[in-house]
1. Here are the criteria: (1) among the aliphatic types (A, V, I, L, M); (2) out of contact with any Ser or Thr (no Cβ under 7 Å at 6 or more places or on another chain); (3) within 12 Å of chain A (Cβ to nearest Cβ). Tell me which single one B:Met205 does not satisfy.
2. For residues in the stretch B:238-247 being more than 15 Å from B:Pro29 (Cα to Cα) and aliphatic (A, V, I, L, M), which is nearest to the other protein chains (Cβ to nearest Cβ)?
3. Just to be sure before I move on: is B:Phe74 within 27 Å of the chain's Cα centre (by Cα), more than 30 Å from A:Tyr246 (Cβ to Cβ), more than 9 Å from chain A (Cβ to nearest Cβ) and at pLDDT below 95 in the structure I sent?
4. Among the residues of the stretch B:232-278, which ones are hydroxyl-bearing (Ser, Thr, Tyr) and at pLDDT 75 or above?
5. Of the conditions (1) modelled with pLDDT under 95; (2) more than 30 Å from A:Leu117 (Cα to Cα), B:Asp63 satisfies every one except a single condition; which number is it?
6. Please note which helices (runs of 4 or more DSSP H) are completely contained in the stretch A:65-171 and include at least 3 residues that are farther than 23 Å from B:Tyr266 by Cα.
7. Out of B:Gly180, B:Gly87, report the one residue that is farther than 22 Å from B:Leu229 by Cβ and either among the small types (Gly, Ala, Ser) or within 12 Å of another protein chain (Cβ to nearest Cβ) (or both).
8. Kindly state which helices (runs of 4 or more DSSP H) lie completely within the stretch A:200-282 and contain at least 2 residues that are surrounded by fewer than 20 Cβ atoms within 10 Å (Cβ to Cβ) and touching a residue at least 24 places away in the same chain (Cβ under 8 Å).
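The values are calculated or read from the model by the stated rules, or taken from the named source; none is laboratory data. Quick caveat: nothing in here was measured; it's all calculated off a predicted structure. Neighbour counts run over all protein chains shown; Cβ positions are idealised from the backbone, glycine included.
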Amino acid sequence: MREEYRAAFLFLLPNIIGFLIFSLIPTIASFVISFMDWSLLTSPTFAGLSNYKEMIHDSVFWVSMKNTAIYSFIKVPLNLILSLLLAILLNKKLHGRNFFRSIAFLPSVCSSVSVALIWSPLMESSENGLINHVLVKMGFNIIPFLTSQKFAMASVILVGLWKELGYFMVIFLAGLQGISHSYYEAAAIDGASPATTFFHITFPLISPTTFFALTTSLIGSFQIFDLTSVLTNGGPANATNSLVMYIYQNGFKFFRMGYASSLSLILFLFIFVITYIQNHFANKWVVN
Amino acid sequence: MAMAQSKKSYKNIGWYLLLAVLFFFFFVPFWWMIATSFKSDTEVYTKAYSLLINQFHFENYKDVFSSMPFGKYFMNTLFVTVMVILGTLTTSSLAAYAFARLHFPGRDALFFLYLATLMIPRQVTLIPNFIIFRELGLLDNLWSLILSGIFTAYGTFLLRQSFLTVPRELEEAAVIDGYGYWARFSKIVLPLSKSGLVTLLIITMLNIWNEYLYALVFIQTEAHRTLTLGIALLRGDFDVRWNLVMAATLISISPIVIVYLACQKYFVEGIALTGVKG
């Protein structure tokens, strides 16, 4: 037994040291720092709940929360519906479907930075940008995709969808391929319409996949940073500033480590709630 | 029969048209990037929208390397990615073996701690990590990106799940043959968990190659920039040369796209299995 403990200790050691220093201690530290004022230039001073109180009256915080919520609650449903439709289409026995699957998935392996760099000139607010060039040729007005407060968020959502649809398509394809053919054969014998088949067979049977995709997509959306950082830098006039961008700005532009930490715990709170709900319901499904 | 078949293919025309539209939606941005990377400076200013390549200005690719230390960015990203992959696979597989197979006091409590940190977003540990690396004197050093990338709870978690599927009987037989813990781990469990290891390798590669936020915070000087950081900063230039930006972007994504096209099966399996965001 003693030998087994010793072996376990040695096997765990390299990982546990790193886990403690770079994961567990930082997690606890961010709680502690959130109760402090700390510019890094001077020593930290205890600030009690003042960082949390400040949030209540901080209009930029609320704007970035609102933006993060709008991005998440508009993009996520669109993402799920469109990627499911894409998966259903590319699950049909069509020629070249593997090729199309690869193309649709391609943006998912590229960095958000590269995706934003490709899309920002495409969305330029003049006829020189490809999308506006086509719009003008078709007789429409120029749309200031990234430069107007009205369109910026919608544009970010569009780019976000382009990047993620293929990824969620793959998740849904795995779910669809897990459904036994016998259900569809039985439905065909009963003369069920495609819509009936979808709502009574496909949709209920992939609900665990849908739920998994929903929570994964939500958690990812709450953390949006790279895409807006390069596409719009949070602008115009904070129209696309997100919670993580605001954490970054407070920490590394204004050097307010305490306030940035308290903001990061708000992000943690959201993700904790989503994960909790996910585990709660996932367990229910397993039991059923 | 023939009529039924022609009717069927006629019905499918609609689907193929839809596929064509989707193909344009997904592929045109990539094509535009390729076309733009070959345009002359004048073409970029006057016809940025164009999807045609009039003349291949290969010198753009040369200019990418001469107008900025792009080769250095590339090698930095490659170095960080390789080191994190090696570090993650080594430390996670060792720890995963202890969690999957060995008995020791406090094992379940410790594993629960690992599980709990799975849901802590990297943005929460960013500020304390910044302070730790400042204390260690590792800011503006690639090792800050390597060390902060190696120790993820999901690596240990994923490999533990994978090791649990290796039949215990194999190890029991090995004990009779006099195998110690290390031999059982390295000669039986590891070789039989290839798919788990490949999945973790691919997820780690994607995450680290594409990492931006940590590089933005930890790296300060040009010589230590990674690819994502280097190309993102081009956007802020007063006089953006989009042909060079697109050439740089294309180079930055090609290694991962090539690996993806070569091992698609593993990417798809990995995602379907774990769903860890790529």
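1. Evaluating B:Met205 over (1) among the aliphatic types (A, V, I, L, M); (2) out of contact with any Ser or Thr (no Cβ under 7 Å at 6 or more places or on another chain); (3) within 12 Å of chain A (Cβ to nearest Cβ) leaves (2) as the failure.
2. Ranking the qualifying residues of the stretch B:238-247, first place goes to B:Val240.
3. So B:Phe74 does not fit the description; no.
4. B:Thr249, B:Ser252, B:Ser254, B:Tyr260, B:Tyr266
5. All conditions are met except number (2).
6. In the stretch A:65-171, the matching helices (runs of 4 or more DSSP H) lie at A:112-122, A:130-137.
7. Unique residue meeting the criteria: B:Gly180.
8. On the way: elements: A:207-222, A:226-231, A:243-252.
So the answer is A:207-222.
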